[in-house]
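What follows is a set of notes on a single structure, which appears directly below.
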Amino acid sequence: MTNGLVLSIDGMGGDNAPDIVVEGIDIAARRNSDVRFLIHGDPARITPLLDKYAAAKAVCEVVPAEKSIAMDVKASQALRQGKGSSLWNAIQSVEHGHANAVVSAGNTGAYMAISMFRLRKIEGVHRPALATRWPTVKGGYTVMLDVGANVEANAEQLVEFAIMGEAFARAVSGEPKPTVALLNVGSEDQKGHEEIRAAARLIRETGVDINFQGFAEGDDIAKGTVDVIVTDGFTGNIALKAGEGTARLAGFLMREALTSGPLAKLGTLIAYPAIRKLRTRMDPGTFNGALFLGLNGLVVKSHGGADGRGYAAAIGVAEKLARSHYREEIVSNIERLSRAHANAPAGDAE
């Protein structure tokens, strides 16, 4: 299975693996049959599932793995004891050139730790970042990073995040020049702490090739004001979790209102097509597929609780990235940033 695009799959990672993993591959295979899959895991559990999904069976090779990594295992423990697991082996397939990208719904900390250990960072990248997509009122999505890989980030690291996020957005959306902004408490140049203002100056002064729009505020994320919003992992993770909680609250209140009485239920029946469309728009699975940016390999993270449709969406992200020039674009801009940083006067180097 070396010809064409090959994706390496952690068959045992996630809350509902391997069932939803195989289902997701089947959905992806029916959508695009020219991708091959190496699915790592327990053949005794995976093979019977493949017998139920003809499209998946036609494009999958089961690679036996002697164990799996639980969702609650610490990253340090996964590094010590994870060798031979489905997650470890799936990442190693990318490292050894047997696959173009890896997808897992497993333990996020373990996934990041093993990916960092096996694949290493792109030269010039100080820290990897976790990027995800956020639905907007415009019908598309905003790419947001970092959403949890780094609690803190200095100005240069924020610029690196901007470079990587812009390349990711172009790969998954097809937009040739995605717009980029730094998340701040206001759009004015004097707003925010020093690291944010310094990052904006660096982007403007170093000539990195991104369509920088300055600062964006919290409500710009869902508005879709820009294509990419950059922040540190502490702020990004809080914003992400707050947004997910708000979406669940809105869904709960809508269900409560629509089932509050006979007339409400009748209205729900009449409005069902519109409600179904709204539910699809609000479904996190539609935008499933986060990326660990800055590694020497494509590493896509699915939600641990994703269903088959959501897992297929994560596979779709991996496909688009593997067919793009994502890494080359990042390397080019990181080199430009590094040269500018090296040539800066000593007082401006921080």
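The values are calculated or read from the model by the stated rules, or taken from the named source; none is laboratory data. Computed from a predicted model, the values in this text were never measured in an experiment. Here the Cβ positions follow ideal geometry from the backbone for every residue, glycine too, while neighbour counts run over all protein chains shown.
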- Item | Neighbours by Cβ (under 8 Å, 6+ apart or cross-chain): first from the range 50-73, surrounded by fewer than 12 Cβ atoms within 10 Å (Cβ to Cβ); second of a type in the set (S, T, N, Q) | Glu66/Ser85; Asp72/Asn107
- Query: Looking at the range 94-111, which of its residues are in contact with a strand residue (DSSP E or B) (Cβ under 8 Å, 6 or more places away or on another chain) and surrounded by fewer than 22 Cβ atoms within 10 Å (Cβ to Cβ)?
  - Reply: His98, Asn100, Thr108
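Counting just the residues of the range 19-42 that are closer than 15 Å to Leu87 by Cα and surrounded by 24 or more Cβ atoms within 10 Å (Cβ to Cβ), which one comes out farthest from the chain's Cα centre (by Cα)?
Per the stated criteria, the residue is Gly41.
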- Message: Condition (residue is under 14 Å from the mean Cα position of the chain (by Cα) and of a type in the set (Lys, Arg)) applied to the range 109-122: is it met by at least one residue?
- Response: no
- Item | From Ile114, Ile91, residue being over 18 Å from Val62 (Cβ atoms), at pLDDT 90 or above, β-branched (Val, Ile, Thr) and buried (at least 24 other Cβ atoms within 10 Å of the Cβ) | Ile114
- Single residue of Val185, Val147, Val137, Val151 found to be under 24 Å from Gly109 (Cβ atoms), more than 15 Å from the chain's Cα centre (by Cα), touching a residue at least 12 places away in the same chain (Cβ under 8 Å) and surrounded by fewer than 24 Cβ atoms within 10 Å (Cβ to Cβ): Val151
- Pick from the range 211-239, criterion β-branched (Val, Ile, Thr) and surrounded by 22 or more Cβ atoms within 10 Å (Cβ to Cβ), ranking: farthest from Glu175 (Cα to Cα): Thr231
- How about the range 41-64: which of its residues are aliphatic (A, V, I, L, M) and in contact with a Phe, Trp or Tyr (Cβ under 8 Å, 6 or more places away or on another chain)? Ala56, Val59
- Item | Every pair of residues 6+ apart whose Cβ atoms lie under 6 Å, when the first sits in the range 213-234 and is farther than 17 Å from Ala290 by Cβ and in contact (Cβ under 8 Å) with a residue 24 or more places away in the chain while the second is charged (D, E, K, R) and outside any strand (DSSP E or B) | Gly224/Lys138
